[in-house]
Each structure stands twice: as structure tokens, then as C-alpha cells.
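Engineer: There's a structure below that I have some questions on.
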Amino acid sequence: MTRIDHVAGERKTSGVSLQGVNKWFGAVQVLGDIDLDIQSGEFVVFVGPSGCGKSTLLRLIAGLEEVTEGEIRIGGRDVTDADPSDRGIAMVFQTYALYPHMSVAQNMGFGLKVAGRSKQEVTGKVAAAADVLRLTDYLDRRPGQLSGGQRQRVAIGRAIVRDPDVFLFDEPLSNLDAELRVEMRIEISRLHQSLGNTMIYVTHDQTEAMTLADKIVVLRSGRIEQVGSPAELYDDPDNLFVAGFIGSPKMNFLPAEVRGGAIRVAGHPVPDPGLRSRPAEGTKLLLGIRPEHLRLAKPGEPALTVTAQFAEFLGGTTYLYGAVAEGVDCVMEVDRSVDTRQGAVLNVTAMADDIRCFGENGLRLR
Ligand SMILES: Nc1ncnc2c1ncn2[C@@H]1O[C@H](COP(=O)(O)OP(=O)(O)OP(=O)(O)O)[C@@H](O)[C@H]1O
Ligand SMILES: [Mg+2]
């Protein structure tokens with residue numbers, strides 16, 4: 001038996017399903033008609049703008065808030081009205097709130113001790129969790145003697161020793177500096193691989209969402225906009241909101257119009273994106289093109305003209321910011337050989353397959 005099996009006991013893990021979940025705070029609805037199926041062992045990330053309901057949704061799953069309407073199941077069992085302690089979950093928060101006067105080991109084992117577990121069991125579980133989290137050398141320290149990342153690992157350790165079926169994380173890394181976030185992100189990914197538990201993770205951070213998730217749930221104003229793998233959301237967004245939310249720098253949105261049978265941006269025809277139903281003459285669209293998909297046109301190829309404004313050199317790549325037309329900005333990834341001086345004019349195009357079309361209502365046209 002490996003250390004990790006020892007922590008997890010026999011591997012326990014469960015799916016989570018939400019059906020018709022609504023949440024009102026008084027007269028204000030904060031979540032509407034949430035239907036969501038999370039498979040056992042899946043890593044699911046909730047993203048969305050501040051106030052869209054991510055934490056509330058997590059807290060409903062945890063049982064820290066009551067659902068107004070709908071049903072929550074964990075491992076097939078209806079837990080809609082169950083106590084948090086009876087749901088097989090453990091939650092890790094942004095503020096990790098460790099007991100300052102207790103050692104790392106005592107902090108991690110406190111919940112088990114209170115629950116009346118034997119000293120031997122507590123010590124064993126704490127040691128195993130510390131091993132997974134590389135905290136073995138720090139077990140006797142107080143939280144005040146640890147870095148931010150180490151403290152957050154202790155908070156995660158506290159969750160691991162409880163041996164939950166489902167881990168819930170609410171922005172666990174957002175108090176850490178950039179470098180530590182990257183380090184901890186990798187730790188959490190490794191943890192998921194080794195424990196294999198279902199994990200539900202809330203974040204504002206694009207990169208965390210893209211790198212950690214098997215499945216991303218994009219929320220907006222209390223509603224689910226789209227659910228999919230990171231690649232599905234990136235390549236195949238259902239609407240403008242998801243297209244603009246996933247990806248950094250953002251997808252370019254270029255106003256276009258159907259004229260003379262072609263889709264045109266600022267009068268220039270673009271490669272035909274091959275929509276199933278061709279939009280009528282005069283239809284206004286928005287074309288979504290990712291920065292890495294804009295490229296220099298070959299001589300004679302139909303192209304948009306981009307006037308360079310400024311460039312961001314990031315070492316491996318350069319982002320050129322420019323204007324396609326008066327008031328229509330764009331950003332494109334270019335290599336070093338490209339003239340990015342202010343005022344330089346570039347002929348730019350994209351592959352037809354890399355152009356996404358959105359109607360004026362914001363919905364994707366396919
Ligand atoms: N206890 C409460 N009483 C009333 N309104 C609340 C309560 N908790 C949250 N809200 C409201 O519910 C909405 C969703 O809040 P929530 O904390 O879930 O957002 P969030 O997506 O986690 O935001 P952030 O990214 O800023 O953490 C917000 O408009 C918030 O003001
Ligand atoms: Mg929140």
C-alpha cells in the first residue's frame with residue numbers, strides 16, 4: 001500500500017449532480033436553473049466574473065447554504081437537505097485560517113481529534129497527508145513560521161486527512177504571489193492525479209482553469225453559459241461571452257457585414273467561414289479570431305490592413321496591438337521578424353476554419 005492509498009483508505013470518490021438548482025437571497029435570485037453533472041473523479045472548475053455565483057454554487061454543494069429549489073446528489077445520494085458533515089466533502093477556502101498557536105501537525109489533525117479518532121489514526125493520517133504535500137519536515141512548525149504556499153498546503157492537508165469523497169476549493173491560491181500560484185497549481189494537479197478524487201474548484205484565474213480542469217463551467221449572472229473541456233470552450237465557444245472570457249489575450253471581435261455575397265470587415269472580404277446557413281445580404285456579424293490565428297497575408301491574398309500601435313515582446317512570442325479600422329482594435333501574435341513599429345501597416349488574414357461568427361444577439365452562428 002502506498003502512502004497515498006493509506007490517506008485515501010479504499011479509494012472513495014463520487015460524482016456530483018445538480019438538478020434545477022435555484023438560489024435566492026431574499027428577493028434576489030443569485031443562481032438560476034443550474035443543471036450540472038460532475039463525474040466521479042473529475043476535476044471541474046467554475047469560472048465567471050465576480051459576483052456571478054461561483055462561491056454560492058460551491059457552498060450549496062457543501063451544504064453551507066440551503067438551496068431554494070432543486071436537488072443536489074453526491075454519489076447518487078440525495079443530499080439536498082443533508083448536513084455539511086454528512087456529505088463526504090471537504091472544503092478549502094481562500095483564507096486558510098490556521099490556528100496560530102498550533103503546530104502544522106496539530107492544525108492538520110485537529111478535525112479528526114475533535115471527532116474522537118484515536119491518536120494513532122490521527123498521527124498516521126497526518127503523516128501520510130504531509131508526505132503527499134511535502135510538509136513532512138514542517139510538521140512541528142507553527143503557521144507563522146511558514147510561507148504562504150506552505151500554509152495553503154496545510155489547509156489542503158486539513159482537507160485530505162478528512163478523507164472526503166469530493167474536494168471543494170474556493171480560490172485557494174488567490175492570496176499567493178504569482179510564482180507560488182504556479183507552484184501550487186502544479187501541486188494541486190499532482191494531488192488530483194494521485195488521489196483521484198472528484199474536485200470542484202472555483203477560480204478567477206484563466207490559466208488555473210485551463211490547466212487544472214477536465215471540465216470548465218462558465219457562469220454569468222447566476223446562469224451556466226457553457227460547460228466543456230478547456231479545448232472545447234477555447235475552440236468552440238457557444239456565444240460571445242464564453243469566447244471573450246476564455247483565452248488571454250482575448251479573442252478579437254471584428255464587426256463585419258455581408259456585402260456582395262462576402263463577409264467583409266471594413267470593406268475587405270475575409271475567407272468564407274462556411275456557415276451552414278448563409279447569412280443574408282446586409283447581415284451584421286461579429287467575427288471572432290484568436291490572436292494566434294491572425295497571420296500575415298501572402299502577396300495578392302485578400303487581406304485586412306492592420307496599423308500597428310504597439311507591441312508586447314514576451315520573449316517566446318510578441319503580441320502586436322493594432323487597428324483594423326477606425327475604432328476597431330485587434331491583437332495578433334507575431335514573430336520577431338515582423339515590423340511592429342507604430343504606424344507600420346500589415347496585410348493580415350486568417351484561415352477560414354479559425355474564424356468564429358457571432359450574431360448581433362451574441363450567439364454563435366455555425
Ligand atoms: N449571504 C448573502 N446574502 C445576500 N446576497 C449574497 C450573499 N452571499 C452572496 N450574495 C450575492 O450573491 C451573488 C453571488 O455571490 P458569490 O459570492 O457566489 O459570487 P462569486 O462568483 O463567488 O464572486 P467572486 O468572484 O467575487 O468571489 C452576489 O451578487 C452576492 O452579492
Ligand atoms: Mg467567490
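Engineer: Might you let me know whether region 293-304 holds any residue that is modelled with pLDDT of 95 or more and closer than 17 Å to residue 243 by Cα?
Structural biologist: Yes, there is a match, as at least one residue in region 293-304 is modelled with pLDDT of 95 or more and closer than 17 Å to residue 243 by Cα.
Residues are listed down the side, and each one gets a yes or a no for (1) assigned to a loop (DSSP other than H, G, I, E, B); (2) in contact with a strand residue (DSSP E or B) (Cβ under 7 Å, 6 or more places away or on another chain); (3) surrounded by fewer than 21 Cβ atoms within 10 Å (Cβ to Cβ):
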{"site": "216", "(1), (2), (3)": "no, yes, no"}
{"site": "253", "(1), (2), (3)": "no, yes, yes"}
{"site": "264", "(1), (2), (3)": "no, yes, yes"}
{"site": "274", "(1), (2), (3)": "yes, no, yes"}
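Engineer: With the requirement that a residue be without any contact (Cβ under 8 Å) to a residue 12 or more places away in the chain and under 19 Å from residue 96 (Cβ atoms), what does region 112-135 give you?
Structural biologist: Passing the criteria: 113, 114.
Engineer: Can you give me the number of residues within region 144-175 that are farther than 21 Å from residue 112 by Cβ, within 16 Å of ligand 1 (Cβ to nearest atom) and either surrounded by 19 or more Cβ atoms within 10 Å (Cβ to Cβ) or not small (Gly, Ala, Ser) (or both)?
Structural biologist: 4
Engineer: Within region 320-335, is there a residue that is free of Cβ contacts under 8 Å to residues at least 24 places away in the same chain, over 26 Å from residue 240 (Cα atoms) and not hydroxyl-bearing (Ser, Thr, Tyr)?
Structural biologist: For region 320-335, residues free of Cβ contacts under 8 Å to residues at least 24 places away in the same chain, over 26 Å from residue 240 (Cα atoms) and not hydroxyl-bearing (Ser, Thr, Tyr): present.
Engineer: A further question on this structure: Give region 31-53 a look and list any residue that's within 12 Å of ligand 1 (Cβ to nearest atom) and touching a Gly at 6+ places or on another chain (Cβ under 6 Å), or say none.
Structural biologist: 31, 32, 53
Engineer: Quick test of your reading of the structure: residue 242 fulfils all but one of (1) over 23 Å from residue 325 (Cα atoms); (2) surrounded by fewer than 18 Cβ atoms within 10 Å (Cβ to Cβ); (3) not charged (D, E, K, R). Name the failing condition by number.
Structural biologist: (2)
Engineer: Then there's this: Mind checking which strands (runs of 3 or more DSSP E) fall wholly inside region 278-354 and carry at least 1 residues that are over 25 Å from residue 364 (Cβ atoms)?
Structural biologist: Filter on region 278-354 gives 304-313, 318-325, 328-334, 345-349.
Engineer: Hey, residue 101 hits all of (1) crowded, with 19+ Cβ neighbours inside 10 Å; (2) more than 14 Å from ligand 1 (Cβ to nearest atom); (3) part of a loop (DSSP other than H, G, I, E, B); (4) modelled with pLDDT of 95 or more but one; which does it fall short on?
Structural biologist: Every condition holds for residue 101 apart from (1).
Engineer: Can residue 73 be described as at pLDDT 95 or above and within 12 Å of ligand 1 (Cβ to nearest atom)?
Structural biologist: Working: at pLDDT 95 or above: yes; within 12 Å of ligand 1 (Cβ to nearest atom): no.
When the stated conditions are applied, residue 73 does not pass them.
Engineer: Could you grab me the full set of residues in region 292-317 that are in contact (Cβ under 8 Å) with a residue 24 or more places away in the chain and touching a Leu at 6+ places or on another chain (Cβ under 9 Å)?
Structural biologist: To start, the set of residues in region 292-317 that are in contact (Cβ under 8 Å) with a residue 24 or more places away in the chain comprises 292-297, 301-311.
Those that are in contact (Cβ under 8 Å) with a residue 24 or more places away in the chain and touching a Leu at 6+ places or on another chain (Cβ under 9 Å): 294, 296, 297, 303, 304, 305, 306, 307, 308, 309, 310, 311.
The values are calculated or read from the model by the stated rules, or taken from the named source; none is laboratory data. Quick caveat: nothing in here was measured; it's all calculated off a predicted structure. Note that we place each Cβ from the backbone using ideal geometry, even for glycine, and neighbour counts take in every protein chain shown.
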